[in-house]
Amino acid sequence: MVNWWKKSVVYQIYPQSYKDTTGSGMGDLNGIIEKLPYLVKLGIDVIWLNPIYQSPLVDNGYDISDYYQINPVYGTMKHLERLLEEAHQLGIKIVMDLVVNHTSDQHEWFIKSAESRDNEYSDYYIWIDPKEDGSEPTDWGSTFGGSAWEYVESRGQYYLHLFAKEQPDLNWENPKVREAVYQMMDFWFKKGIDGFRMDVISLISKRQDWPMALPGAVYTKSYYVGASNGPRVHEFLQEMNRKVLSKYDIMTVGETANTTVEQAILYTDPKREELNMVFHFDHMHLDYGRFGKFSDVRFKMSDLRNVMSEWQDKLEGRGWSSLYWSNHDQPRAVTRFGNDLFYRVESAKMLGTLLHMMKGTPYIYQGEEIGMRNVPFEDLEHYQDIETFATIDEMMAAGADREYIKRSVFLKSRDNARTPMPWTAKEKFGFTTGTPWIDFSPDNSKINVEQALADENSVFYHYRKLIKLRKEYEVIIDGVYELLNPNDSAVYGYTRTLNRQKLIVICSFTENKVNYEIPQELAGAKLLLSNYTTSAQCLAQKTELSPYEALIYLI
Ligand code: NOJ
């Protein structure tokens, strides 16, 4: 039997920006409940909710101060129970975010841990003595800038924080910490949730010899050394699986930055009993520049095709893929990989087609289904995100010019994906009656849900058809992937084969008209879906493609 999560399409909701029902300017659980019929219409199977737990929101909820409480800005436990009940009635499952590499510094575990070296919670976090000269134990840098170590007077020690200093890392070496995490997970499964997306789970096991990252350099981002895919990470996940996950019919997806396919197999090979799938970042790294993610470099289609194919090929029969273009940490896909100026609708549909016909579980990030693009904010003042601020500081310190900074923030800031969901074209776009926590995108009057639902050629209806196809054709779930024409400079084509069926997917990444040739035995395949009304019903050996045309044929 095929696991349900292999046949599912996941829709990611960033609760803060989805739908506000109280006028607070922040989305809430009732807002999500209100929009369930919209999601039924789209046809998705699972909702992944970004963190909604009690939190001071230093990193928008990835700093949890109480794992058992709902942040009042989103509602109460009763609202969550209602969401679970109503979603389940509609056949939609709910996956929550599990953030256990770190907590908030306001979590009572940390408050007590910081008090002294000899209380019950002293070893819940990673505390290390200063070097002889009083400086930090290593040169590790925090993801959000500066050192990854923070000194605390009361203990005379440093604690580790791979993210903000308000996000201290838990000490997974301590069995009591692991037990506390497993207990908390049990609590949520008993509530009825259907799985966890596990935040930076590849970072939980740190090398205990605390190596230097790059001697001589200042604060090297720590996930490159000593923390990524650490020595005990698989042992911990197997223990978690044995003690919690294996008891429930749920799904798990681990966020695993800096993880190769070979490492992903270790996480997802069912025989090893760890996770169902992981989010890798290889395609996200294709347009990195000298400041990492914040750059104005454009990806190359051939690189994208290599990366995607490598993951499709190597995971075949070994593990399972998660397929995504965007999420709350990434810019909008149509800006990054498509053409949001002249072919926004066509290229958004093309990207959806390419991804949803691959092997794995597709994830749609809110707004992607209506083709939202990066937010054309005019100035840096509009941005709110801690990572964006940290990178601006870093770039300024390195002497980057203001225009470059603006450009790369516009292209890469996480806020591109975090502006409120536009439901209508009217005032405040049906998101709130109050003041939104972050400014609206100036695009909203043109790109919004009301418009998408009224236009039968919208990105929304194309996504809906893609989701429907996955339900109708087993070859999309289980077929073996094979690349077509690996050297074509503008078109990404591939096939999926199951028994005697073959699916042929052809996606153009250019705004020019181009020809594409396919092997003779595929000619004659019948059209299942395309993003142009003019596409040929039967695949010809030499096919002329319109700008960003996307074709799905079956033979
Ligand atoms: C990854 C999350 O997706 C991101 O939003 C967050 O800032 C970091 N992990 C830290 O939890």
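If you average the sequence gap of Cα pairs under 8 Å that are 6 or more apart and divide by the length of the chain, what percent do you get for the contact order? Relative CO of the chain lands at 13 percent.
Stokes-Einstein diffusion of segment 477-554 at 25 °C, 0.890 mPa s viscosity, Kirkwood radius from Cα pairs, rounded to a whole number: 196 µm²/s. Among the protein heavy atoms of segment 322-454, carbon and sulfur supply 54% of the accessible surface, probe 1.4 Å, non-protein parts ignored. Each peptide among 237-248, 289-300, 357-368, 25-36 gets the average number of other Cβ atoms lying within 10 Å of its residues, and from highest to lowest they stand as 357-368, 25-36, 237-248, 289-300. Taken over the chain, the convex hull of the Cα atoms encloses 147 Å³ per residue.
Distance between the 7 Å Cα→Cβ label points at Thr533 and Ile111: 6.3 nm. Within the accessible surface of segment 477-554, defined with a 1.4 Å probe on protein heavy atoms only, the carbon and sulfur portion equals 45 percent. Considering only Ser202, Pro56, Gly226, and ranking their Cα positions along the charge dipole of the chain that arises from unit charges at the beta-carbon of Lys, Arg, Asp and Glu, the one farthest toward the positive end is Ser202. Taking segment 137-288 as the region of interest, the number of lysine pairs whose Cα atoms are within less than 24 Å, with members eight or more places apart or on different chains, is 16. Calculated accessible area for segment 477-554 comes out at 46 Å² per residue, all protein chains present (probe 1.4 Å; ligands, DNA, RNA ignored). Size of segment 217-288 from its Cα atoms: along the principal axes, largest to smallest, the extents are 45, 24, 18 Å. Residues whose amide H lies under 5 Å from that of Gly493, counting only those 5 or more places away or on a different chain, are Leu484, Cys507; hydrogens are built 1.01 Å from N in the peptide plane. Look at the alpha carbon pairs under 8 Å that are at least 6 residues apart: their mean separation over the length of segment 278-370 gives a relative contact order of 26 percent. Placing unit charges on the Cβ atoms only, positive for Lys and Arg and negative for Asp and Glu, gives the chain a dipole magnitude near 2000 debye about its Cα centre. For Phe163, the amide hydrogen comes within under 5 Å of the amide hydrogens of Thr143, counting only partners 5 or more places away or on other chains and with H modelled in the peptide plane. Evaluated with a Cβ-only charge set (Lys, Arg +1; Asp, Glu -1), segment 428-525 carries a dipole of roughly 280 debye about its Cα centre, given to the nearest 20. Considering only Ile94, Tyr151, Ala114, the residue lying farthest towards the positive end of the dipole of segment 78-158 is Ile94, judged by Cα position with unit charges set on Cβ. Each of Leu498, Thr103, Leu237 was scored by the projection of its Cα onto the charge dipole of the chain, and the greatest displacement toward the positive side belongs to Leu498; charges sit on the C-beta of Lys, Arg, Asp and Glu. Every helix of 4 or more DSSP H residues in the chain counts as -39500 (n - 2.57), and over all residues that averages to -8000 deg cm²/dmol at 222 nm. Computed from phi, the 3J(HN,Hα) profile of segment 522-528 under the Karplus parametrisation 6.51, -1.76, 1.60 (θ = phi - 60°) reads 8, 4, x, 4, 9, 5, 9 Hz, with x in place of Gly and Pro. Amide H contacts for Asp296 (H built 1.01 Å from N in the peptide plane; partners 5 or more residues away or on another chain; cut-off under 5 Å): none found.
Annotation: per residue accessible area for segment 366-442 equals 41 Å², rounded to a whole number [probe 1.4 Å, protein chains only].
The values are calculated or read from the model by the stated rules, or taken from the named source; none is laboratory data. The shown structure was predicted, so the numbers you read here are calculated from the model rather than taken from an experiment. Quick reminder, even Gly has a Cβ in these numbers, built from the backbone with ideal geometry, and neighbours come from all protein chains shown. Surface accessibility is based on the protein's heavy atoms, side chains included, excluding ligands, DNA and RNA. Shrake-Rupley method; radii C 1.70, N 1.55, O 1.52, S 1.80 Å.
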